[in-house]
Amino acid sequence: MDKERMKSFSQQVFRDMAGGMTAGLAYLGTTTGLFRAMAGQGPMTATQVTAASGLQPRYVEEWLKGMAAGGYLDYHPELGTFALPDEHAYFLASDDTDHFMGGLFYALPGFVGQAPQVARAFREGGGVPFDAFGEEAVTSIDLSNRGAYEHRFASQWLPAVPDAVAALEAGGQALDFGCGVGRVSLALARAFPKARFMGLDLHEGSIRRAQAAAAEAGLAQRVEFRAQPIEALEPALRFDLITACDCIHDLPDPVPVLREVRARLAPQGVLFLVELKAGDRLEENLHPIGAMFYGFSLFHCLTQAMARGGTGLGNSLGPARVGALMREAGFGRCELLEIRSSINHFYAVRP
């Protein structure tokens, strides 16, 4: 065996384990508000961080040391101070922006927390149902997408489909399939005051959160959320725009559902599809983001689909697989849109 390769791999294992622990520490920094307490404050002692955060000093001290070791904080040995660089705070203490990355850390308790049950599914088959993941998983998905949906969807993404924009400006109707907690519908409702919106999701807890958000925003008269399958909609309902964001790959049997989606489009309607930015071949996905995607898939997307009797598409479909699914469902055109993103592909799919 190659001893240098052995040594290099042992170091990789340590780096990967360190990455997991650092992400766990970053989860604590996000959910407790520690990053926000340090943002813009410059160098701080552990005592100052404790006072600013209102948290327990011994926990704060150990967290600061771990975050410094992980490269998230700058440590000044002579002064014994810690600082959150502005360049890091931009991603870690920027809730509700389109560049906030803190939602990713919620995947650790929300998704990886189900690792023993996923291991059971390896041995016995089946999977882990969506409800088993709890509110942490719903929060992770929401926080990871909220900023982009609210700040980019209407202004940067949807303009790639001008006819959909025109339809909404004229007072059309839109459906968000797999709406989660409703961020897409609410963002579009703010941007298109003449249009009406509906969100569908099977998870009742997410729908309750979406309904509460619509009421709080004063949009409940134009935005409706329902916990039901698309097949249960009134037969006459047709939509100028249907959005499906990061959810088609979660379906246990997507083709029949996609056929129903197609049937719900108006004659000139469009399905605006968002899926993860994966390549068609495995070798295109052999990088850190690809590893993250496959982890998310195994610990959530794939297993919750298999828990419902699906084969488990996984979340890294690639454009060729997406196009094949759309053709099998009866769509005539599936266009990969030229929208810049490091993590998403965007498609305009037409009957």
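Since every read-out is calculated from the coordinates, none of them should be taken as a lab result. Everything quoted here is computed from the prediction, not taken from an experiment. Every residue, glycine among them, receives a Cβ derived from its backbone with ideal geometry; neighbour counts consider all protein chains shown.
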Within the chain, what's the longest run with no trypsin sites (Lys or Arg not before Pro) in a DSSP loop and at most 11 other beta-carbon atoms within 10 Å? Give the range, please.
1-193
Neighbourhood net charge (14 Å Cβ-Cβ; Lys/Arg +1, Asp/Glu -1) for ARG259
-1
Could you tell me which of rounded, prolate or oblate describes segment 157-234, using a ≥ b ≥ c as the square roots of the eigenvalues of the alpha-carbon gyration tensor, with rounded for a/c under 1.5 and, failing that, prolate when a/b is larger than b/c and oblate otherwise?
prolate
So what are the radius of gyration and Dmax for the Cα set of segment 195-351, in Å?
16.2, 48
Scan segment 72-148 for GluC sites (Glu not before Pro) in coil per DSSP, keeping those whose Cβ has at most 14 other Cβ atoms within 10 Å, and list them by number.
GLU78
Under the rule of -39500 (n - 2.57) per DSSP H run of 4 or more residues, summed and divided by the residues of the chain, what mean residue ellipticity at 222 nm is obtained, to the nearest 500 deg cm²/dmol?
-13500 deg cm²/dmol
Could you list TYR72, TYR90, TYR106 so that the one with the fewest beta carbons within 10 Å of its beta carbon is first and the one with the most is last?
TYR90, TYR72, TYR106
Surrounding charge for GLU224, neighbours by C-beta under 11 angstrom, Lys/Arg +1, Asp/Glu -1, total +2
Amide proton proximity set for LEU337, modelled H, under 5 Å, gap of 5+
PHE346, TYR347, ALA348
Treat each spin label as a single point 7 Å out from the Cα along the C-beta direction, and report the ALA291 to ALA115 distance in nm.
1.4
Compare the Cα positions of GLN117, TRP63, THR45 along the charge dipole of the chain (+1 at Cβ of Lys, Arg; -1 at Cβ of Asp, Glu; about the Cα centre) and return the one farthest towards the positive end.
GLN117
Of the convex hull drawn through the C-alpha atoms of segment 3-93, the volume per residue in Å³ is 107
Taking the Cα centre of segment 112-350 as the origin and placing charges on Cβ (Lys, Arg +1; Asp, Glu -1), which of GLY318, TRP157, ALA213 is farthest toward the positive end of the dipole?
TRP157
Hydrodynamic radius (Kirkwood) for the chain, which is based on Cα pairs only, to one decimal in Å:
21.9
In nm, the gap between the two label points placed 7 Å beyond Cα toward Cβ at GLN11 and LEU337 is 4.4
Interchain or long-range residues, amide H under 5 Å from VAL270's placed H:
LEU241, ILE242
Of all beta bridges DSSP finds with both residues in the chain, what is the antiparallel percent, to the nearest 5?
40
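Can you give me the span-like helices of the chain, meaning DSSP H runs with 30 Å or more of Cα extent along the axis and Kyte-Doolittle mean at or above -0.5?
3-31
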May I ask for the net charge around GLU150, where only other residues with Cβ less than 9 Å from the Cβ of GLU150 are counted and Lys, Arg are +1 while Asp, Glu are -1?
+2
Potential extension, ARG190-ARG58 segment - 0.36 nm per residue separation minus Cα distance:
43.0 nm
Quick one: if you stick a label point 7 Å off each Cα along the C-beta vector at ALA23 and GLU135, how many nm between them?
2.3
